[in-house]
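See below for the structure under consideration.
The values are calculated or read from the model by the stated rules, or taken from the named source; none is laboratory data. Every value quoted in this text rests on a predicted model; they were computed, and no experiment measured them. Neighbour counts are summed over all protein chains in view; Cβ atoms, including those assigned to glycine, are modelled from backbone coordinates with ideal geometry. We work out accessible area using only protein heavy atoms, side chains counted, and drop any ligands, DNA or RNA first. Shrake-Rupley method; radii C 1.70, N 1.55, O 1.52, S 1.80 Å.
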Amino acid sequence: MTGSPPARRDTTTGFLLRNAARTEVARLFAATDRVPASLCAMWLDLDRFRQVNDSFGYAEADAVIALIAGRIRSVAGERATCLRMGSDEFAILLPAVETPDAERIAGRLLATIDQPIPLGGILLRPSVSIGITWRLAADDPLSLLARADRAMGEAKRQGGDRFVVMAVEPPGVTSAARSARQDLEIESVLHASLATGDLALHYQPIVRADGSVEAVEALMRCAVGGRQVSPLQLVAVAEKTGLIVRIGEWILLQGARCAARLRAQGCPTKVAINISRLQLCSQSFLSNLHAALICAGLPADAIELELTESLFVDASPVVQANLRGAREAGVGLAIDDFGTGYSSLANLKDLPATKLKFDRAFINELPEDRRAFAILSAITRLAGELGMVVVAEGVETAAQLAACEAARVDATQGFLHAKPMSEEALSQWMETRKSR
């Protein structure tokens, strides 16, 4: 896949985006190599900002972010390089700033950001956690940023609304440093992969009790340094950086094209695609969904969207409009990972879902755990009465499959049937089943 280079500047704040951070730090490294001066890095994370998103929606939250960004710029000054590192995270790069001045700037940031903001009839009092560090002789751009991020994390652990200075690495942070650097490396690879087409989708079948294929779930894969990265880690980095929206658009299109190719070979089946909160909060979500269907020449019911239950009950008008639009178009909606965390029977009757996927945490206990079996059986009957297809995830043994069938689950997914596979392998797998 090819495309235009990723944007470098955030439209909400005017700050440079996270994908420009490495280049900017390297540029400042070069400047401080020529001039005897220090390079200070600050990492800022707004405290409890998710409450603003959940309570007022993303449009209001963006307005708050823009206002706070203005406050950051006013304190940091014109010589500072300001970056938006995540939805509510920022970095400030300050050349020729020593410890006393850096602490003074951080104190002013705390006081300025704390000023009240009128929002929805209340006065919001934002606060921020700040990590401060300086360039060390052995640093590269990623290690400097990672240390600033860890200093911010320590400020969070101390209760927030404060700054923490980490001039050198404290003992015992080797693992944390490695993890933070790895996240930055994964982010860099994701940016490059979106431009070069190195991302890949694998597919795992969902099989009905009669052996027919109910759907196949599209799962993202990516290699970093020749090593496959955990999908959970990939998604976590993509969501933190906002890349999940662009990646989600790509997955929609590729998943739709896979569904079209399967139909062309005489194996019509739905392709299930996971959708993130950031995608569903986008005003362009429905147009991207329709564009994927049109480009692939598919009917809407050939695609199914998998979402967590919390997204179904999200109060945001944009989310609700996107859910309604998808269902009205004929796209199926599945509740993913049901049975853990947010799940509520009070919500189940009102959700526009067409499928319910039981989390593997229940299936792992089968067939020994009779309570897990009783819950699986009861919810399966209830979901059936509500017109939903029920899928059990994580089926790995014949005994688990037998328990799911005894509970009258409609379909199962797991290593017992097949591991996630490339589209080519999936095509062969489907052909083999046709000949049975």
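Using the Cβ of Ser74 as centre and a radius below 15 Å, the other residues enclosed give a net charge of +3, where K and R count +1 and D and E count -1. Using every pair of distinct Cα positions in the chain, the Kirkwood expression returns a hydrodynamic radius of 23.9 angstrom. When the chymotrypsin sites (Phe, Trp or Tyr not before Pro) in region 25-132 are filtered for DSSP coil states and for at most 15 other beta-carbon atoms within 10 Å of their beta-carbon, no site remains. Distances between placed amide hydrogens fall under 5 Å for Val389 paired with Lys355, Leu356, all partners being 5 or more residues away or on another chain. Note on exposure: Arg257, Arg135 ranked by accessible area (1.4 Å probe, complete protein assembly) read Arg257, Arg135, with the most exposed listed first.
For region 293-376, applying the loop criterion from DSSP together with a ceiling of 10 other beta carbons within 10 Å to the GluC sites (Glu not before Pro) yields Glu368.
Straight-distance candidates among the aspartates and glutamates for linking to Lys156, with alpha-carbon spacing under 14 Å and chain neighbours fewer than 8 residues away dropped: Asp45, Asp47, Asp88, Glu89. Helix 243-264 and the longest principal axis of the C-alpha atoms of the chain enclose an angle of approximately 20°. Could you state the angle between the C-alpha long axis of helix 317-329 and the longest principal axis of the C-alpha atoms of the chain, as a value from 0 to 90 degrees rounded to the nearest 10? So the helix axis and the longest Cα principal axis differ by about 30 degrees.
Any idea what angle helix 141-157 forms with the longest principal axis of the chain, computed on alpha-carbon atoms, 0 to 90 degrees, nearest 10? Helix 141-157 and the main axis of the chain meet at about 80 degrees.
Looking at the chain, the accessible area is 45 square angstrom per residue; that uses a 1.4 Å probe and ignores ligands, DNA and RNA. For a straight C-alpha distance cut-off of 30 angstrom, the lysines reachable from Lys434 (same-chain residues fewer than eight places away being disregarded) are Lys270, Lys355, Lys357, Lys419. Each 10 Å bin, from zero up to the one with the longest distance, holds this percent of the alpha carbon pairs of region 244-359: 14, 47, 31, 8, 0.
Amide hydrogen proximity for Ala200: with H placed 1.01 Å from N in the peptide plane, the residues at 5 or more positions away or on another chain lying under 5 Å are Arg221.
Here's the picture: charge each Lys and Arg Cβ at +1 and each Asp and Glu Cβ at -1 in the chain, and of Asn347, Pro100, Val207 the one pushed furthest to the positive end of that dipole is Pro100.
For region 289-436, with all protein chains in place and a probe radius of 1.4 Å, 53% of the accessible heavy-atom surface sits on carbon or sulfur. Simple point charges give the picture: +1 on the Cβ of Lys and Arg, -1 on the Cβ of Asp and Glu, and for the chain a dipole about the Cα centre of about 480 debye.
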